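Heads up: the structure comes next, in C-alpha cells.
The values are calculated or read from the model by the stated rules, or taken from the named source; none is laboratory data. Computed from a prediction, not measured in an experiment: that's the story for all the values here. Ideal geometry is used to build each Cβ from the backbone, glycine not excepted, and the neighbour counts take in all protein chains shown.
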C-alpha cells in the first residue's frame, strides 16, 4: 500500500473521500489592502486593465494586464518580508523550498471570542486548551486562527477607526512560543495581516511578523473558509508565485480534507 | 423681465436627443487675443501704443495712426445700446435651434462700435449696458451685453445660459469625495441650484471625516468611484454617465518626494495614476456621453472642471512630483477640451496654489482655503470661464509666467 500513496490519493480525490477546500478570496479591486500612514509607501491595490476582448485590440482573444502589490488579497508572506528574516537563506518566494509548500494545518477556532471582541488576542493559554482537546501541535504544521472574520466585508472587514484597525490576531508571547516551542511552519489568519489590527503597539511591534519571519517561517493572510476545516488533519497547499527576490505574493491556497468515514 | 428657468421635465424616451451644434467659429490668430481675455473673464481690446485708441475688430495696425503696436489691454466695460435686432429666422444650423436670438449694436465707452449678443433685459436703445467677453459653445470669444443693474432671474436668460455653465437644475459629479474640496463644492453647488450632486468615494471601507457632513446635504448621493481603477470608473459611467451635466475632477495625490530618493519612482507612479491616468480614465468613460448630450435640453451637459495645481504650469521642486503630474494633467486637459468641443462642453481648469490642507501643512502662508476654490469654481461655471486662478500664489505665478517664465523657474528652484 505504501508504495502507491499517490494512487490511493488520486482514488480518494475521485471518490470524494478527500475534499478540496479553497481557502482563497477572489482577487478583486474592491478587496481591502493593508493601510500604512499615507506618507509611507503603499501597497498597490489589485487592478486589471483590458488588453482586448474579442475587439479591435485583439479580435479573437480576451486578456488583461494586472497590477498589484505583493501583499494583496489572500497572500503569502516570505521571511524576507520582515527585517528579522532579511539575512536568512532561502528567504524569498523564489527560493522557498517546494517541500514547504505542502504542510498540515491545525485550526484553532476563536470565532466566538472574535465575534464578541474585535481586538481578541490569541494567547498561549488558548493554544494549551486547544491542545488538551486535539493533541500537541505537530512540528512543521501551519497554525490557522479561525475568527470567521472572512465573513465580513468592506468597512466591517477592515474595521478602521481613528486609532487604527481593530481586528483579532495573536499576542506577542503566543507567537514567540508557537515558533520556539511548537516549531510551526507558519501562521495563518482571516484578517488583512497575520498580526492583530493594533499589533503596532505591541512589544515587539507586529510579533507575528517579527517571530515568524525571524525564524524563517511563513505567513498566510486573508484566508477564507477556515470554518470548513477540521481542527487537525487538513493538508495545505500554498505555493506563492516565483517572483525573483519577492517578499510575498497573492496565491491560491487549497486545503485537502479527509471526509470522516461514515462506517 | 427674464422668465425663471423651471426644473426641466423628464425626457421623452421616444424622442431623439438633440445633437449638439456649434456657432460659427472661424477666428483670425489676432482675434485670439479676445479668446485669451474671455477665457479668464477679462474684458480686453486692442489698444494702440502710439495714439492710445482702442480698436475692434482685431487687426494688424491701428486704423487711426497705422501703428503696428496693437497690444490687448483691459478696457472699460461700459457701453450704450444703439439698436437691437431680434432674429427670428436664420440659415445658421446652431442659431436655428435657439430662435429667436437677440443681437445689438453697442457703442463701447472705449470707442469702437460692436455687434454683441444681447441679454433679454437690455431695455431700449440708449440704455446703459455692461459688456463682457464670453466664450460661446464653440469656445470662441463673443461680446455679450447685459443691463447695468441686476434684474430678477438674470442668469436664467437662455442666451446667457448658452455662454455659461450655470449649475442650476444640472447634475454634478464631484470625483473625489475624500478631497477637502468636496464638501465646500457640494455646499456651494447645492446653493446654486444643482439638481443632484454625485460624490465619488474610493475604498468605502476606509472611513473619512466629511462623510456625515456630505450625506447631510439634500440631493447628495455618494457613489463608488476609484480613479485608479478602470473598472470602477467605467462602472460608474454605466450607471450615471448620462446623468452628469457638470463633472468636477477634484482628484489629487500630494506626496513629498525628492527626485533622487530611493522609492521616488513609486511616489511618481502613484501620483500619476491618481491624477493623469485618473483623468484619462474619467475622460474615456464620461467624455463620449457628455459630448453627445451638449444640446440635451435647457440643462444639458455643459462643463468639465479640473482642479489643478498652479505648479503644473512651472515646476516647484518642493512639490516636484505634484508639479509634474499636474503639468501632464494640463496637457491632457487641453486634449480633452478639443475632444469635447464638438459637444459644446466647456473644459475649465482651476489652478490653485497650495491648499490649506494636511499635505501643505508645513508650507507658509498664503494658502488657499478649500472654500475659496469652491467659490472660484462656481464663479467660473456661472461666468463661463476657461482658466481660473485661485488665491494669491496662483495669481502671482500666472502674472509672472506671462511676464517671464524663466524667472519663475529659476526662483522656484532657489
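Tabulated values for the structure
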{"read-out": "Flag for residue B:203 being within 14 Å of chain A (Cβ to nearest Cβ) and at positive phi", "value": "yes"}
{"read-out": "So residue B:281, is it modelled with pLDDT of 95 or more and within 13 Å of chain A (Cβ to nearest Cβ)", "value": "yes"}
{"read-out": "Listing of strands (runs of 3 or more DSSP E) fully contained in segment B:163-278 that carry 3 or more residues being in contact with a helix residue (DSSP H, G or I) (Cβ under 8 Å, 6 or more places away or on another chain) and buried (at least 20 other Cβ atoms within 10 Å of the Cβ)", "value": "B:171-174, B:196-201, B:246-249"}
{"read-out": "Residue identified as within 14 Å of another protein chain (Cβ to nearest Cβ), without any contact (Cβ under 8 Å) to a residue 12 or more places away in the chain and either in a loop (DSSP other than H, G, I, E, B) or under 30 Å from residue A:62 (Cα atoms) (or both) among A:32, A:38, A:45", "value": "A:38"}
{"read-out": "Condition met for residue B:71 (assigned to a strand (DSSP E or B) and under 28 Å from residue B:350 (Cβ atoms))", "value": "yes"}
{"read-out": "Lone unmet requirement of (1) surrounded by 13 or more Cβ atoms within 10 Å (Cβ to Cβ); (2) on the phi > 0 side of the Ramachandran plot for residue A:54", "value": "(1)"}
{"read-out": "Flag if residue B:402 is under 24 Å from residue B:276 (Cα atoms) and surrounded by fewer than 20 Cβ atoms within 10 Å (Cβ to Cβ)", "value": "no"}
{"read-out": "Qualifying position, being in contact (Cβ under 8 Å) with a residue 60 or more places away in the chain and either within 16 Å of residue B:146 (Cβ to Cβ) or part of a strand (DSSP E or B) (or both), among B:45, B:34, B:129, B:82", "value": "B:45"}
{"read-out": "When residues of segment A:111-139 are limited to those that are in contact with a strand residue (DSSP E or B) (Cβ under 6 Å, 6 or more places away or on another chain) and free of Cβ contacts under 8 Å to residues at least 60 places away in the same chain, the one nearest to residue A:186 (Cα to Cα)", "value": "A:137"}
{"read-out": "Answer from B:139, B:111 - the residue that is outside the structural domain of residue B:380 (by TED's automatic domain parsing), part of a loop (DSSP other than H, G, I, E, B) and touching a helix residue (DSSP H, G or I) at 6+ places or on another chain (Cβ under 9 Å)", "value": "B:139"}
{"read-out": "Verdict on residue B:289 being closer than 14 Å to residue B:175 by Cβ, more than 13 Å from chain A (Cβ to nearest Cβ) and either part of a helix (DSSP H, G or I) or touching a helix residue (DSSP H, G or I) at 6+ places or on another chain (Cβ under 7 Å) (or both)", "value": "no"}
